[in-house]
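This report concerns only the one structure given below.
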Amino acid sequence: MFASASFARLRASHFVSVLLFLLRWLLICSLVGALAGTASAGFLVSLDWVTRWREAHPWVLALLPVAGLLIGLAYHHFGSRAVRGNNLILDEIHRPSQRLPLRMVPLVLGGTLATHLFGGSAGREGTAVQMGAALADQLPRWLRLRPRDRRLLLIAGMSAGFASVFGTPLAGAVFGLEVFLLGSIRYDAVLPSFLAAVAADWVTRAWGVGHTHYPTLGELPLTPLLLGCTLLTGALFGLTARAFAALTHGIGRVFSRISYPPLRPVVGGVVVAGLLWVAGPLRFGGLGIPVIVEAFQHPLAPTDWAWKLALTALTLGCGFKGGEVTPLFFIGAALGSALAVVLPLPVALLAAMGFVGVFAGAANTPLACLLMGLELFGANASVYLAMACVVAYLFSGHTGIYGAQVVGQAKHLRDGRQQGRPLRELP
């Protein structure tokens with residue numbers, strides 16, 4: 001009798017603590033979602049406007065070096081720690097030191113819009129993630145949160161930014177959980193991540209901001225031949241992701257030799273503008289979403305993905321601002337689409353596999369990318385999307401677009417000694 005009463009009190013106490021934890025983080029993440037979702041909505045509307053203006057005035061590409069100078073000067077004189085972008089957020093999750101500077105929000109927003117306005121090849125997720133995390137990191141001093149809660153808040157802010165900019169709350173939530181620790185997930189942040197991602201996505205849509213729609217994939221039976229083709233393409237996507245990360249970091253090291261930082265995007269802007277005039281500024285500048293949509297409709301030229309890879313690596317490596325993810329979507333979808341002329345898989349399926357596979361390999365986030373594939377393309381081809389993401393993740397090795405990402409669990413047993421080290425320190 002006494003034992004049963006004690007057990008009942010224990011269960012009641014546990015229920016109350018869980019309920020209080022839920023309500024507490026529901027309130028906090030509602031604030032994070034409102035801030036990140038509103039910031040993303042304004043960013044997406046502004047990005048759409050500058051993209052349409054650039055496409056109507058292609059001559060503006062000639063001013064890309066001038067835009068590079070302005071971005072370089074802004075970050076040199078006012079950026080301070082904000083110049084490290086997403087890597088600063090990851091470092092703060094691993095080794096908290098000081099609050100993310102609020103100036104990160106206007107700097108990355110203005111830098112990204114300028115990059116797109118003048119034709120640079122860049123994405124948008126980096127901007128949304130940095131805004132979401134920086135805004136979220138201002139809350140602890142107002143809400144008097146405990147220091148240990150700050151890590152959860154940063155992860156929630158990243159999830160909110162990613163979910164709201166792509167309209168994929170499940171992928172956004174898991175992205176925030178996966179991205180800072182390669183091969184591991186921090187489960188104490190599961191609730192904050194999902195709450196913030198769902199809230200931010202809802203707020204962005206409530207502002208009337210929509211997202212790109214992609215075709216729903218049809219069902220396709222899995223046969224040994226098609227499975228083999230899927231594994232092959234996954235390996236190609238992983239190697240492509242590895243090449244993108246290596247080229248971007250390599251170009252960054254080359255441009256770091258220019259002693260005055262504001263000149264780096266000026267020199268890079270001249271090179272990018274020249275290459276874009278040759279390749280086609282309307283096709284390869286900016287996000288490239290029309291080409292991504294085209295990749296699902298018919299096989300693209302086998303050089304499209306390579307042009308986008310080189311131009312994006314150069315744009316970001318020399319100091320322009322923006323994200324890597326949408327260009328990675330372009331690279332993967334274009335590569336997959338081009339493979340349709342030699343592989344017995346539908347072009348839309350190959351484009352979708354490349355879309356999520358190259359991103360999975362470059363960001364080391366296979367689960368988030370699988371969920372993104374399911375949210376964007378439906379569940380009919382889930383096995384194909386899963387295999388592409390997992391194999392690409394394995395073949396990309398311990399490389400990635402985020403140098404501050406720490407190896408939590410090595411991809412291969414032979415790389416066990418690299419566990420616990422950030423990617424930027426690995427050979």
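The values are calculated or read from the model by the stated rules, or taken from the named source; none is laboratory data. Small disclaimer: the values here were computed from a predicted structure and weren't measured. Cβ sites come from the backbone with ideal geometry, for glycine too, and all protein chains shown count toward neighbours.
Residue-wise test of (1) farther than 15 Å from PHE175 by Cβ; (2) of a type in the set (Phe, Trp, Tyr); (3) out of contact with any helix residue (DSSP H, G or I) (no Cβ under 9 Å at 6 or more places or on another chain).
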{"site": "ALA351", "(1), (2), (3)": "yes, no, no"}
{"site": "GLY361", "(1), (2), (3)": "no, no, no"}
{"site": "CYS369", "(1), (2), (3)": "no, no, no"}
{"site": "LEU374", "(1), (2), (3)": "no, no, no"}
{"site": "TYR393", "(1), (2), (3)": "no, yes, no"}
{"site": "GLY416", "(1), (2), (3)": "yes, no, yes"}
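Scanning segment 141-182 for residues that are buried (at least 21 other Cβ atoms within 10 Å of the Cβ) and in contact with a Pro (Cβ under 7 Å, 6 or more places away or on another chain), which turns out nearest to ASN87 (Cα to Cα)?
ILE155
Name the one entry in ALA273, ALA196, ALA241, ALA245 that is over 23 Å from GLN419 (Cα atoms), in the same structural domain as PHE284 (by TED's automatic domain parsing) and part of a helix (DSSP H, G or I).
Working: ALA196 fails: in the same structural domain as PHE284 (by TED's automatic domain parsing); ALA241 fails: over 23 Å from GLN419 (Cα atoms); ALA245 fails: over 23 Å from GLN419 (Cα atoms).
None of the other options fit; the residue is ALA273.
Show the residue pairs that are 6+ apart or on different chains and have beta-carbon atoms under 6 Å apart, the first residue being within segment 87-116 and within 24 Å of ALA62 (Cβ to Cβ), the second being crowded, with 17+ Cβ neighbours inside 10 Å and small (Gly, Ala, Ser).
From residues that are within 24 Å of ALA62 (Cβ to Cβ), the pairs are THR112/GLY322; ALA114/ALA67; THR115/ALA122; THR115/GLY322; HIS116/GLY286.
Within segment 281-305, restricting attention to residues that are assigned to a loop (DSSP other than H, G, I, E, B) and in contact with a Phe, Trp or Tyr (Cβ under 8 Å, 6 or more places away or on another chain), which residue is nearest to GLY336 (Cα to Cα)?
The selected residue is PHE296.
Just one of the numbered conditions (1) under 21 Å from the mean Cα position of the chain (by Cα); (2) of a type in the set (Val, Ile, Thr); (3) crowded, with 20+ Cβ neighbours inside 10 Å is not true of VAL347; which one?
Only one criterion in (1) under 21 Å from the mean Cα position of the chain (by Cα); (2) of a type in the set (Val, Ile, Thr); (3) crowded, with 20+ Cβ neighbours inside 10 Å is unmet by VAL347, namely (1).
VAL342 - would you say it is closer than 29 Å to ALA114 by Cβ, β-branched (Val, Ile, Thr), modelled with pLDDT of 95 or more and surrounded by fewer than 21 Cβ atoms within 10 Å (Cβ to Cβ)? Please lay out each step first, then the result.
Numbers: closer than 29 Å to ALA114 by Cβ: no; β-branched (Val, Ile, Thr): yes; modelled with pLDDT of 95 or more: yes; surrounded by fewer than 21 Cβ atoms within 10 Å (Cβ to Cβ): yes.
So VAL342 fails the test.
Of all residues in segment 382-427 being surrounded by fewer than 16 Cβ atoms within 10 Å (Cβ to Cβ) and among the charged types (D, E, K, R), which is nearest to ARG84 (Cα to Cα)?
ARG424
Hey, could you check segment 183-192 for residues that are farther than 21 Å from TYR393 by Cα and touching a residue at least 40 places away in the same chain (Cβ under 8 Å) and say which is surrounded by the fewest Cβ atoms within 10 Å (Cβ to Cβ)?
The qualifying residue surrounded by the fewest Cβ atoms within 10 Å (Cβ to Cβ) is LEU191.
Inside segment 376-398, can you point out the residues that are farther than 15 Å from GLY357 by Cβ and out of contact with any Asp or Glu (no Cβ under 8 Å at 6 or more places or on another chain)? Before the answer, list the steps.
Residues of segment 376-398 that are farther than 15 Å from GLY357 by Cβ, as a first pass: 378-380, 398.
Answer for segment 376-398, where residues must be farther than 15 Å from GLY357 by Cβ and out of contact with any Asp or Glu (no Cβ under 8 Å at 6 or more places or on another chain): GLY378, ALA379.
Of the conditions (1) in contact with a helix residue (DSSP H, G or I) (Cβ under 7 Å, 6 or more places away or on another chain); (2) modelled with pLDDT of 95 or more, LYS411 clears all except one; give me its number.
(2)
Yes or no: THR115 hydroxyl-bearing (Ser, Thr, Tyr) and either farther than 21 Å from THR326 by Cα or surrounded by fewer than 22 Cβ atoms within 10 Å (Cβ to Cβ) (or both)?
Details: hydroxyl-bearing (Ser, Thr, Tyr): yes; either farther than 21 Å from THR326 by Cα or surrounded by fewer than 22 Cβ atoms within 10 Å (Cβ to Cβ) (or both): no.
So THR115 fails the test.
Across segment 210-266, what is the total count of residues that are under 30 Å from PRO427 (Cβ atoms), touching a Pro at 6+ places or on another chain (Cβ under 9 Å) and surrounded by fewer than 16 Cβ atoms within 10 Å (Cβ to Cβ)?
Summing the residues that are under 30 Å from PRO427 (Cβ atoms), touching a Pro at 6+ places or on another chain (Cβ under 9 Å) and surrounded by fewer than 16 Cβ atoms within 10 Å (Cβ to Cβ) in segment 210-266 gives 0.
Could you list all residues from segment 360-403 that are under 10 Å from ARG242 (Cα atoms) and out of contact with any Phe, Trp or Tyr (no Cβ under 9 Å at 6 or more places or on another chain)?
The answer is TYR393, GLY397, HIS398, THR399, GLY400.
Say whether the condition of being of a type in the set (A, V, I, L, M, F, W, C), buried (at least 24 other Cβ atoms within 10 Å of the Cβ) and more than 15 Å from the chain's Cα centre (by Cα) is met by at least one residue in segment 352-369. Show your work before the answer.
Kept after step one, since they are of a type in the set (A, V, I, L, M, F, W, C), are these residues of segment 352-369: 352-353, 355-356, 358-360, 362-363, 367-369.
The next check asks that each one be buried (at least 24 other Cβ atoms within 10 Å of the Cβ); those that pass are 352-353, 355-356, 358-360, 362-363, 368-369.
Among the residues that remain, those that are also more than 15 Å from the chain's Cα centre (by Cα) are: 352-353.
There is at least one residue in segment 352-369 that is of a type in the set (A, V, I, L, M, F, W, C), buried (at least 24 other Cβ atoms within 10 Å of the Cβ) and more than 15 Å from the chain's Cα centre (by Cα).
When you scan segment 206-220, do you find a residue that is on the phi < 0 side of the Ramachandran plot, part of a helix (DSSP H, G or I) and either aliphatic (A, V, I, L, M) or assigned by TED's automatic domain parsing to the domain that holds GLY157 (or both), even just one?
So in segment 206-220, the residues on the phi < 0 side of the Ramachandran plot come out as 206-207, 209-220.
Still in the running and part of a helix (DSSP H, G or I): 206.
Now restrict to residues that are either aliphatic (A, V, I, L, M) or assigned by TED's automatic domain parsing to the domain that holds GLY157 (or both): 206.
Yes: one or more hits.
Could you say whether any residue in segment 54-62 is touching a residue at least 24 places away in the same chain (Cβ under 8 Å) and among the acidic types (Asp, Glu)? Can you show your working first?
First pass over segment 54-62, keeping only residues touching a residue at least 24 places away in the same chain (Cβ under 8 Å): 54-55, 58, 60-62.
Imposing the further condition that a residue be among the acidic types (Asp, Glu) reduces the set to 55.
Within segment 54-62, one or more residues are touching a residue at least 24 places away in the same chain (Cβ under 8 Å) and among the acidic types (Asp, Glu).
Show me the helices (runs of 4 or more DSSP H) entirely contained within segment 53-143 in which 3 or more residues are over 24 Å from the mean Cα position of the chain (by Cα) and in the same structural domain as LEU153 (by TED's automatic domain parsing). Working first, answer last.
On the way: elements: 64-74, 86-94, 104-117, 125-136, 139-143.
In segment 53-143, 64-74, 139-143 are the helices (runs of 4 or more DSSP H) which contain 3 or more residues that are over 24 Å from the mean Cα position of the chain (by Cα) and in the same structural domain as LEU153 (by TED's automatic domain parsing).
Can you say whether PHE377 is closer than 29 Å to ILE89 by Cα and of a type in the set (Phe, Trp, Tyr), as far as the supplied structure shows? Break it down into steps so the answer makes sense when it comes.
On the way: closer than 29 Å to ILE89 by Cα: no; of a type in the set (Phe, Trp, Tyr): yes.
In short, no.
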